[in-house]
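Here's the structure, in structure tokens; my notes come after.
The values are calculated or read from the model by the stated rules, or taken from the named source; none is laboratory data. Since the structure is predicted, the reported quantities are computational estimates derived from the model, not experimental observations. Here the Cβ positions follow ideal geometry from the backbone for every residue, glycine too, while neighbour counts run over all protein chains shown.
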């Protein structure tokens, strides 16, 4: 892998893609706060009696997020890979909607968590508004990954990707625990 100081900062369509990267960093940071504060500290979802489906949804979304946030700071998805990325993004949206329904069925969300989810939805929509036009351009290129480097936010996204992957493993393991009444 090339050293980061030798890779040029991404300059093609730099404003739109850099905006997408910063919005993704904000989204990932909000998600980390939501997970650590609400899911782990306040609600202790991993220990709930009726949270198995919700935890599996979180794990699935976490694995998709790990790929998305871990890659976009360093690579572009060209050709057919742009469609794979689109599939990951659409899958994440479907999982999130299912998660909202599941949450409403099994527990009452604290007002702060509900507000956090609304803010995250707005930020995610803004991220997609900047990313989708880039993906349309990428889809016309030969299939593969292209080089991209976005400096500091790319490295922060990589750290957050590792955290969200670990959170996905934890949620998946917690969802398989025996239920005790």
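Looking at 118, 129, can you tell me which residue is closer than 19 Å to residue 35 by Cβ and not in a loop (DSSP other than H, G, I, E, B)? Lay out the reasoning, then the answer.
On the way: 129 fails: closer than 19 Å to residue 35 by Cβ.
Testing whether each residue is closer than 19 Å to residue 35 by Cβ and not in a loop (DSSP other than H, G, I, E, B) leaves just 118.
Within region 23-41, track down each residue that is surrounded by fewer than 16 Cβ atoms within 10 Å (Cβ to Cβ) and either out of contact with any helix residue (DSSP H, G or I) (no Cβ under 8 Å at 6 or more places or on another chain) or modelled with pLDDT of 85 or more (or both).
Of the residues in region 23-41, the ones surrounded by fewer than 16 Cβ atoms within 10 Å (Cβ to Cβ) are 29, 32-33, 36-37, 40-41.
Selection gives 29, 32, 33, 36, 37, 41.
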- Kindly check whether there is at least one residue in region 62-75 that is under 13 Å from the mean Cα position of the chain (by Cα), over 28 Å from residue 142 (Cβ atoms) and assigned to a helix (DSSP H, G or I). yes
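Among 115, 174, which is buried (at least 18 other Cβ atoms within 10 Å of the Cβ) and farther than 21 Å from residue 69 by Cβ?
Answer to the check: 174.
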- Note on the structure: Pairs returned, first residue in region 147-164 that is at positive phi and part of a strand (DSSP E or B), second residue that is surrounded by 15 or more Cβ atoms within 10 Å (Cβ to Cβ) and at pLDDT 95 or above, beta-carbon separation under 6 angstrom, 6 or more apart or interchain, are none
- Among the residues of region 52-67, is any modelled with pLDDT of 90 or more and farther than 23 Å from residue 172 by Cβ? no
- Check off (1) surrounded by fewer than 19 Cβ atoms within 10 Å (Cβ to Cβ); (2) in contact (Cβ under 8 Å) with a residue 24 or more places away in the chain; (3) under 22 Å from residue 53 (Cβ atoms) for residue 65 and give me the number that stays unchecked. (1)
- Which of (1) touching a residue at least 24 places away in the same chain (Cβ under 8 Å); (2) under 19 Å from residue 107 (Cα atoms); (3) surrounded by 16 or more Cβ atoms within 10 Å (Cβ to Cβ) does residue 49 not meet, given it meets every other one? (3)
- Does region 79-88 contain any residue that is surrounded by 16 or more Cβ atoms within 10 Å (Cβ to Cβ), in contact with a strand residue (DSSP E or B) (Cβ under 6 Å, 6 or more places away or on another chain), within 21 Å of residue 140 (Cβ to Cβ) and touching a residue at least 24 places away in the same chain (Cβ under 8 Å)? yes
- Query: If residue 152 satisfies every condition in (1) at pLDDT below 95; (2) surrounded by fewer than 16 Cβ atoms within 10 Å (Cβ to Cβ); (3) closer than 15 Å to residue 22 by Cβ but one, which is the exception?
  - Reply: (1)
